[in-house]
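Everything below concerns the one structure shown next.
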């Protein structure tokens with residue numbers, strides 16, 4: 001039987017993998033070109049990166065709730 | 001050169017450990033004189049414990065940093081001023097509770113010290129991408145980071161020994177990362193000072209605790225860790241290492257329906273029966289890391305603290321892996 005500590009480590013692993021993917025994507029969006037700082041294109045890139053990060057944060061919160069109710073409390 | 005740096009790190013850990021053992025003892029006496037006592041909620045009956053042990057850590061951290069720094073330059077000043085400003089805010093809260101909405105704003109102030117001294121580099125290292133150019137956004141994120149991390153680390157400091165057991169793996173692994181990145185020498189000295197201070201503090205805070213760290217302790221540790229990451233250029237390492245605390249903070253805020261004081265909550269996340277911690281069967285009670293770790297059945301406080309330390313070690317190793325794949329991209 002898997003205890004809560006191992007289940008929590010699995011949760012951290014899943015969140016970590018998704019975070020690395022999101023950070024790499026955010027990094028690519030934001031730093032595509034260095035010349036766009038202060039322009040509308042630069043601002044749109046920044047907003048897109050923030051939106052992506054916000055979606056990830058929301059997904060992570062739902063994942064934690066799911067993990068607790070469906071996996072940890074079983 | 002590397003041998004000299006390693007010797008400095010070892011000296012920093014040893015000096016701050018010895019200083020912390022004395023300074024935390026003195027802060028326990030001070031707390032008893034000032035009647036700054038907090039209830040140990042996971043013990044049967046009413047057990048009151050002195051709650052500003054973190055003040056001793058602040059003393060040992062800053063004294064070791066000053067003692068081992070050849071000169072007080074802008075980097076050393078940042079490493080001193082930012083964590084101490086955060087600790088001072090925490091100490092004021094240990095005397096009188098701050099408004100839960102005002103608190104995150106105040107906790108962002110130590111970030112302004114870094115901005116004022118200009119000791120940051122707005123080019124963080126992103127996994128698989130390399131250095132990103134964030135000249136406008138970075139200062140804003142930096143100030144927010146101080147507040148988020150302070151609340152996150154504070155949310156972990158809930159059982160005897162958890163603050164130190166959570167922070168020690170992160171600070172210990174940040175030392176080889178700083179060495180690999182060629183971080184300024186004062187950053188290494190500061191990391192060693194914090195590591196020794198945490199070890200000294202753990203001696204008094206381990207189960208059954210003779211002192212709590214208080215907000216002064218958790219704020220000092222969190223602000224110091226953010227300052228190390230900013231000055232050393234390993235922001236993503238810290239973000240990954242802190243995942244258990246950040247997740248805990250986020251689910252606590254969401255499950256409590258916003259920023260609220262923990263003392264005001266009606267339904268406790270866990271129940272304490274016969275000195276053992278149990279998951280509250282009421283699903284509407286706030287969700288916390290302690291609650292999640294106690295879902296396997298009644299568990300003692302010491303085991304919960306060790307599990308929090310294990311989770312921190314695990315996330316710190318993941319942070320190290322992230323650093324290694326990002327390094328020299």
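Here are a few things to note about the model shown:
- Taking the alpha carbon gyration tensor of the stretch B:201-293, multiplying each eigenvalue by 5 and rooting it gives semi-axes of 27, 19, 12 Å, largest first.
- For chain B, modelled as a GNM whose springs connect Cα atoms under 10 angstrom apart, the maximal fluctuation among B:72, B:15, B:144 occurs at B:72.
- A simple spin-label model places pseudo-atoms 7 Å from Cα toward Cβ; at residue B:254 and residue B:11 they are separated by 4.8 nm.
- Remark: mean inter-chain Cβ contacts per residue of B:131-138 equal 5, using a 10 Å Cβ-Cβ cutoff to other protein chain atoms.
- With contacts taken as Cα pairs under 8 Å and at least 6 residues apart, chain B reaches a relative contact order of 26 percent.
- Other protein chain Cβ atoms within 10 Å, averaged over every residue that makes up B:278-288: 1
- Computed [θ] at 222 nm, deg cm²/dmol, chain B (DSSP H ≥ 4; -39,500 (n - 2.57); rounded to nearest 500): -22000 deg cm²/dmol
- Across q = 0.10, 0.11 Å⁻¹, the protein assembly as shown modelled as identical point scatterers on its alpha-carbon atoms has Debye log10 I(q)/I(0) values of -0.64, -0.78, in the order of the q list.
- Residue B:18-residue B:180 FRET efficiency (beta carbon distance; Förster radius 22 Å; 0.05 resolution): 0.20
- The stretch B:1-52: proportion of alpha-carbon pairs further apart than 13 angstrom, %: 68 percent
- Taking 0.36 nm per residue of separation and subtracting the current Cα-Cα distance, fully stretching the chain between residue B:210 and residue B:121 would add 28.0 nm.
- Considering all C-alpha pairs of chain A, those separated by over 21 Å amount to 42%.
- Relative contact order of chain A: 41 percent, from C-alpha pairs under 8 Å at least 6 residues apart in sequence.
- The slack between residue B:92 and residue B:67, meaning 0.36 nm per residue of separation minus the straight C-alpha distance, is 6.3 nm.
- Intensity falloff of the stretch B:12-102 expressed as log10 I(q)/I(0), Debye formula with alpha-carbon point scatterers, at q = 0.18 Å⁻¹: -0.90
- Taking the C-alpha atoms only, the angle from helix A:40-66 to the longest principal axis of chain A is near 0 degrees.
- With the Kirkwood sum run over all distinct C-alpha pairs, the stretch B:50-127 has a hydrodynamic radius of 14.2 Å.
- For the stretch B:29-178, the normalised intensity computed at q = 0.08, 0.17 Å⁻¹ comes to -0.29, -1.23 (log10 of I(q)/I(0), Debye sum over alpha carbons, equal scatterers, no solvent).
Every number here is computed from the coordinates shown, using simple stated rules; none is lab data. Everything quoted here is computed from the prediction, not taken from an experiment. Because the Cβ atoms are built from the backbone with ideal geometry, glycine has one as well, and the counts that use them run over all protein chains shown.
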